[in-house]
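Rule-based calculations on the coordinates, nothing more; no lab input. Values in this document were obtained by computation on a predicted structure and should not be read as measured data. With ideal geometry, Cβ positions are generated from the backbone for all residues, glycine too; neighbour counts draw on all protein chains shown.
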Amino acid sequence: MNILITSASKRLARHLAAELNAEHDVRLTDREDAPGAQSFTLCDLNHDEATNELVRGIDVVVHFGELDSSLSVSGQLDDAMRCTYNLLWAASEEKIPRLIYLNSLSVMGRHDESYAVTERWKPAPTTETSVLGYHLGEFVCREFARENKIDVISLRLGELVWDHGEASSSALYPEDAVQAVQKALIAEVSDGYAGSSSNWNVFHIQSAVPNARFLTAAAEQGLGYQPSPR
Amino acid sequence: MSTPQGNKYMNVLILGANGQLGPHVIRALENDGHTLRLTDINDPPDTPHEYFKLDAGDLDGVIAAAEGMDTIINLSVLRPHRQIAFDVNARGTYNAMAAAVHHGIKRVINTGPHFTIAGPTYENNDHLIGPDVPTQSGTLLYAITKSLGQEVCRIFTENHDIHVLTLLFYNFWFPDDHSADGHDVTPFSVTWQDSAEAFRPALSIDLEELPSKCETFFIFADMPHQKFTNEKAKRILGWQPTNTLAHRWTKM
């Protein structure tokens, strides 16, 4: 597959590229230069030919909802909404079959920890820019999927644990994140409710840590995701 | 001191006051004696009210303009340009909400087109569509950018002590416009005057009387199509359109 990964400067983007590169042709992009990134294309994700060119010939776009906290609030919200819209618009025009949106389980964070929160629950983001941005990006993705312009899988990822850091109850180890993306690249998830078809799928992805906060049964069933035992 | 209807006078910030709807809203509210502070990206019109030339996409500017206000009315809108539509319709609404939280303003009146909620997936298929259906804007630039703004409003009300009343419109007409009589009309139409009247109860209604902190109202004339319903605006706001636009949907 030809895979495009956005936010090339992020550690998970580099990690994903390295892991997927063995089986796929992986390209990276970002709005800022990303020294050291392989097969990198600088792109502002504007409404122009450069964005169409970026996605042309791609089979799956992996788009990060995580924002660059060094930007102003306005800059971050612009990334979350307008740039996501431009990317999806270009992908739709170029007839890219699938986009994987890397969201965060933080958008479910206001639900009580004692609740068995699944993908059926309404998102409950805060107005903190980073959390709100994830949610608004997913909002944009959902409308493109609703109009059958592209198949979107939103993976709401837990808190990444790098370098043996402390694991929260929604922890996600990098190898599980990679596995979820690998599964989402090829998953047959077009069956909607009662025999209808759906271009829109959401999955909660976290590692099997003790007292795991979020259930991952839907991802296990729909994607074949199997978090490593911890 | 109170308005002719017995309500408290308010300091009202209007964002996008110099657009098409703004002058009608200003006329309705100034008759009630409210103190208005107007902002728009365009040069000031001839107005007795305080006026700031301001881009709604300027977060710091919007926060500064909201100081000392009791209510923010967001009329700002930009339709065709990709960058500016997001700047104004989506981020501009975020800026209004952030300004309200910053200054402890409890009431925001937001506006937009009906398809921020009831997009093509409803309108193509259904009738009696009300304002409380789940949002399905679709990807049309104007619809999705305004819909993102509404989503921002909703999330702010879930996280802060603030109420948002969203008034949704579509087609506006002058009462004496007979250019297309007898040819039917978009079943979400209203006169400019009736649309402006909806802002008066939105400004004066006791916030505790609202069913929730985030309420949306469809503002259009009493029409027989039954494609949409304006019942909620009449029931909760007490708004009553005076012009049915019958000359447009009855045969000549």
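Built from the Cα atoms of segment A:138-203, the convex hull projects on average onto 5.5 nm², one quarter of its surface area. The C-alpha atoms of chain B define a longest principal axis, and helix B:92-103 lies at about 40 degrees to it. Annotation: amide H-H contacts under 5 Å for residue A:40 (H modelled 1.01 Å from N, sequence separation of 5 or more, or interchain): A:28.
Which residues among segment A:86-125 fall inside the zone where the amide N is under 12 Å from a point 7 Å beyond the Cα of residue A:221, along Cα→Cβ? What the label zone holds, given the 12 Å backbone N cut-off, is A:119-120.
Listed values for segment B:117-127 are Karplus-derived 3J(HN,Hα) couplings in whole Hz (6.51 cos²θ - 1.76 cosθ + 1.60, θ = phi - 60°), namely 10, 9, x, x, 5, 8, 4, 6, 10, 10, 10, and x replaces Gly and Pro.
Only sites in a loop by DSSP and with at most 16 other Cβ atoms within 10 Å count here; which chymotrypsin sites (Phe, Trp or Tyr not before Pro) in segment A:149-230 make the cut? Provide the component values of the computation, followed by the final result.
Values: sites: A:162, A:193, A:200, A:203, A:214, A:225; in loops: A:162, A:214, A:225.
Loop-located and lightly packed - A:162.
Using Cβ point charges alone (K and R +1, D and E -1), the dipole size of segment B:1-125 about the Cα centre works out to roughly 320 debye.
Among B:125, A:223, B:110, whose Cα lies farthest out toward the positive end of the dipole of the protein assembly as shown, if unit charges sit on the beta carbon of Lys, Arg (+1) and Asp, Glu (-1)? Among B:125, A:223, B:110, the one farthest towards the positive end of the dipole of the protein assembly as shown is B:125. Since only B:36, B:100, B:47 are under comparison, the one whose Cα sits farthest along the positive direction of the charge dipole of chain B, derived from C-beta charges on Lys, Arg, Asp and Glu, is B:100.
Cross-chain or 8 or more residues apart, Cα under 20 Å: how many lysine pairs in chain B fit that? Count them up, please. Numbers along the way, then the final one.
Working: B:8/B:106; B:106/B:213; B:146/B:213; B:213/B:232; B:213/B:234; B:227/B:251.
Lysine pairs, 8 or more places apart or on different chains, close enough: 6.
Here the translational diffusion coefficient of segment B:111-252 follows from Stokes-Einstein with Rh set to the Kirkwood radius across Cα pairs; for 25 °C and 0.890 mPa s it amounts to 156 µm²/s.
Please arrange B:109, B:84 by how many other C-beta atoms lie within 10 Å of their C-beta, fewest to most. Kindly include the intermediate steps, with their values, before the conclusion.
Working: B:109 22, B:84 17.
Ordered by Cβ neighbours within 10 Å, fewest first: B:84, B:109.
Placing +1 on the Cβ of every Lys and Arg and -1 on the Cβ of every Asp and Glu, with no other charges, gives chain B a dipole of roughly 320 debye about its Cα centre.
Can you show me the helix-derived [θ] at 222 nm for chain A, built from DSSP H runs with n ≥ 4 at -39,500 (n - 2.57) apiece and divided by the number of residues, rounded to the nearest 500. The partial results should precede the final answer.
Details: 7 runs with 70 residues, N = 230.
Here the helix-only value at 222 nm equals -9000 deg cm²/dmol.
Between residue A:197 and residue A:148, the contour length at 0.36 nm per residue exceeds the Cα-Cα span by 16.7 nm.
Residue exposure proxy: A:27, A:120, A:110, ordered by other Cβ atoms within 10 angstrom of their Cβ from fewest to most, comes out as A:120, A:110, A:27.
Pairwise Cα separations in the protein assembly as shown fall into 10 Å bins from 0 onward with the following percentages, short to long: 4, 19, 28, 24, 15, 8, 2, 0.
Computed from label points 7 Å out along Cα-Cβ, the spacing between residue A:44 and residue A:230 is 4.1 nm. Pop the C-beta distance of residue A:122 and residue A:72 into the FRET formula with R0 = 35 Å and round what comes out to the nearest 0.05. E between residue A:122 and residue A:72, to the nearest 0.05, is 0.75. For residue A:215, the amide hydrogen comes within under 5 Å of the amide hydrogens of A:117, counting only partners 5 or more places away or on other chains and with H modelled in the peptide plane. Divide the volume of the convex hull around the Cα atoms of segment B:11-249 by the residue count and you get 123 Å³ per residue. Give me the angle, in degrees from 0 to 90, between the Cα long axis of helix B:141-159 and the longest principal axis of the Cα atoms of chain B, rounded to the nearest 10. So the inclination is approximately 50 degrees. Placing dummy labels 7 Å off each Cα toward the beta-carbon, the span from residue A:52 to residue B:207 is 4.7 nm.
Nothing charged except the Cβ atoms of Lys and Arg (+1) and of Asp and Glu (-1): what's the magnitude of the dipole of chain A about its Cα centre? Round to the nearest 20 debye. Mind dumping the intermediate values first?
Values: 19 positive and 33 negative charges, 104 e Å.
With only Lys, Arg, Asp and Glu charged at Cβ, the dipole is about 500 debye.
May I ask you to compute the full-extension gain from residue B:67 to residue B:124, defined as 0.36 nm times their residue separation minus their alpha-carbon distance, rounded to one decimal in nm? Could you put the intermediate results ahead of the total?
Numbers: separation 57, 0.36 × 57 = 20.52 nm, distance 4.32 nm.
Contour length minus Cα-Cα distance gives 16.2 nm.
Gyration tensor over the Cα atoms of chain A: the corresponding equivalent ellipsoid has semi-axes (square roots of 5 times the eigenvalues, largest first) of 25, 20, 18 Å. Within segment A:29-131, the percentage of alpha carbon pairs spaced more than 17 angstrom apart rounds to 60%. Among A:129-136, B:131-138, the peptide with the highest mean count of other Cβ atoms within 10 Å heads the list, and the full ranking is A:129-136, B:131-138.
Add +1 for every Lys or Arg and -1 for every Asp or Glu among the other residues with Cβ under 12 Å from the Cβ of residue A:202, and state the total. Result for the neighbourhood of residue A:202: +2. Comparing Cα centroids, segment A:101-156 and segment B:175-252 end up 34 angstrom apart. Here's how it looks for residue B:71: its modeled amide H is under 5 Å from those of B:11, B:13, which are all 5 or more places away or on a different chain. In segment A:97-230, Rg over Rh equals 0.95, where Rg is the alpha-carbon radius of gyration and Rh the Kirkwood radius from pairwise Cα distances.
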